Amino acid sequence: ATLSHIAEVILVKVLQLAWDEVCKKHGRPSCLIDDKKVLPSISIVAYGKLGGYELGYGSDLDIVFLYDSAGAKQVTEGDAAGEKVIDNSTFFSRVAQKVLHILSTRMYAGLLYETDIRLRPEGKSGLMVSSLNAFEQYQREKAWTWEHQALIRARIVAGNDPIRQEFDRIRHSVLASKRQSEVLCRDVAQMRYKMRDHLGSKDPNNFNIKQDAGGIVDIEFLVQAGILLNAAAQNNLLASTSTLDMLSQLVESGWFTDEESEMLSQAYRGFREQVNRQALMVDLTLDENTMSAYKAGVTGVWQRLMPTKE
C-alpha cells in the first residue's frame, strides 16, 4: 500500500502543476448551471493495481480523467486580457496531456511512472478525458463486462470532493446492478481465456505468475465475478477496492468458502511478493512445491465456479 500512497501524493502534485500551467494560458474553466456560474474541476481515476492499493515495483499507472463541467457557456475565462478563451473540454484535455507529459518525461533519475490510459471509455478510440455525465452514460449503456470488472478496483486519487462523490455514486450504482449468474460467469471466463491465450506462457515449464492458469489474474477475475454477482444483495462488497479485502468479504455471500478465501489470500500475497522481487532482481521466496500448491488451489476454485473453455 505504501507504493500506492506515494503515487497518489505525486499525482496530486502533478495535477496541480498541470492545472496551474493551463490556467495561466486560458484562465479557469467556468459554466452556467441553472443560470448560476460554476467553476468545474478535473480528477484522476486510478484503476488496476493503483486503484486496489496494490502497486508494485515497476507497475505502471492505469488512469483516466473525469471533469464535472455541464450546462451552458462551457468556456474558460481567458487570460488576464480576456483572450485565449477555449471550450472546457479542450481545457481539460490539455490538463490531462500535461499530466501525462510530466509523468513520462525522462530525467536524470528516470521517469516518474509509465502510464496506461487504455481503460478510458470507448477504448483506444475514446477520449482520454470524459465528463461525469458521459462517463455514467457509457458505464450504463455501452460498457462491456470486463470494463465493469475494472470499475471494481477504480477510485479517485486526485481531484475534488464533488467529483469523488459523484464517481462513487456512479460506481456503486453500476456495480450493484443485478446480473444473471450464467451470463456473467461466461463473459468473465471467456475474457480470461482470451487473455491466457494472448499473454500467458507458451512454455509448460515456465509458469507466468500473473497470466497463466492458477495465477494472479485468475484470483482477481474470481473475486471480480463474485463482486458483480453479489454486490446487489451485499452492499459492503463495494466499500473497498482492494482484492484481498473483497476476497475475505465474499465468504459472507457464500461465493468462497472460508478455506478457499484463506488459500486464495495466501496465494495472492505470495504471488505478488514474488513479482515484486522479480522486479527488483532479488532472491525469490516461493519454492516449487509452494508455487505448485498455490497454482493447483487457485485452479481448483476456478474449475468449481467458472465455465470451462468452449
- request: Determine the percent antiparallel among the DSSP beta bridges restricted to the chain, to the nearest 5.
  value: 75 percent
- request: Could you state the angle between the C-alpha long axis of helix 216-230 and the longest principal axis of the C-alpha atoms of the chain, as a value from 0 to 90 degrees rounded to the nearest 10?
  value: 70 degrees
statement: Under the Karplus relation with 6.51, -1.76 and 1.60 and θ = phi - 60°, whole-Hz ³J(HN,Hα) for segment 150-156, x at Gly and Pro, equal 5, 5, 4, 9, 8, 7, 6
field: From phi via Karplus (6.51, -1.76, 1.60), per-residue ³J(HN,Hα) for segment 173-189 in Hz, x at Gly/Pro
entry: 5, 5, 6, 8, 5, 6, 9, 7, 4, 5, 5, 4, 5, 5, 4, 5, 5
field: Unit charges on C-beta of K, R, D, E only; dipole of the chain, Debye
entry: 740 debye
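Step by step: find N for the chain, compute 2.2 N^0.38 Å, then divide the Cα radius of gyration by it. What's the final number? Could the numbers behind the result be given before it?
Details: Rg = 21.2 Å, N = 310, 2.2 N^0.38 = 19.5 Å.
The value comes to 1.09.
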- request: Place a label point 7 angstrom from the Cα of Glu83 along the Cα-to-Cβ direction, then list the residues of segment 28-61 whose backbone nitrogen is under 18 Å away.
  value: 28
- prompt: Ser131's amide H: which non-local residues (gap 5+, or another chain) put their own amide H closer than 5 Å, with H modeled 1.01 Å from N in plane and none for Pro or chain starts?
  reply: Tyr67
- request: Count charges around Asp79 for me, please; just the other residues with Cβ under 9 Å from its Cβ, Lys/Arg as +1, Asp/Glu as -1.
  value: +1
task: Report the label-to-label distance for His198 and Ala1 in nanometres (one decimal), using points 7 Å from each Cα along the Cα→Cβ vector.
output: 3.3 nm
- prompt: Considering the chain as a Gaussian network with a 10 Å cut-off on Cα pairs, which listed residue, Thr105, Thr241, Thr145, attains the greatest mean-square fluctuation?
  reply: Thr105
- prompt: What fraction, in whole percent, of alpha-carbon pairs in segment 194-266 exceed 14 Å separation?
  reply: 60 percent
- request: Have a look at Gln266, Gln139, Gln224 and tell me which one the Gaussian network model of the chain (Cα, springs below 10 Å) gives the largest fluctuation.
  value: Gln266
message: Please list the three semi-axes, largest first and in whole Å, of the ellipsoid equivalent to segment 161-310, using sqrt of 5 times the eigenvalues of its alpha carbon gyration tensor.
response: 28, 18, 15
- request: Would you mind telling me which residue in Asp34, Asp212, Asp187 has the biggest mean-square fluctuation in a Gaussian network model of the chain, where springs connect alpha carbons within a distance under 10 angstrom?
  value: Asp34
- prompt: Could you work out the helix-only [θ] at 222 nm for the chain, with each DSSP H run of four or more residues adding -39,500 (n - 2.57) and the total divided by the number of residues, to the nearest 500 deg cm²/dmol?
  reply: -17000 deg cm²/dmol
- line: Relative to the chain, whose Cα atoms define the longest principal axis, helix 132-141 and its Cα axis are tilted in degrees, nearest 10, by 40 degrees
query: How many angstrom separate the Cα center of segment 270-310 from the Cα center of segment 9-62?
result: 35 Å
- prompt: Which angle between 0 and 90 degrees, to the nearest 10, do you get for helix 88-104 versus the longest principal axis of the chain when only C-alpha atoms count?
  reply: 50 degrees
- prompt: Residue farthest toward the positive end of the dipole of the chain, with Cβ of Lys/Arg at +1 and Asp/Glu at -1: which of Phe167, Ile33, Trp144?
  reply: Ile33
query: Amide H to amide H, which residues 5 or more places from Val75 or on other chains are under 5 Å from it, using H placed in the peptide plane?
result: Ser30, Asn88
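Values in this text are rule-based calculations from the coordinates and carry no lab data. Quick caveat: nothing in here was measured; it's all calculated off a predicted structure. Because the Cβ atoms are built from the backbone with ideal geometry, glycine has one as well, and the counts that use them run over all protein chains shown.
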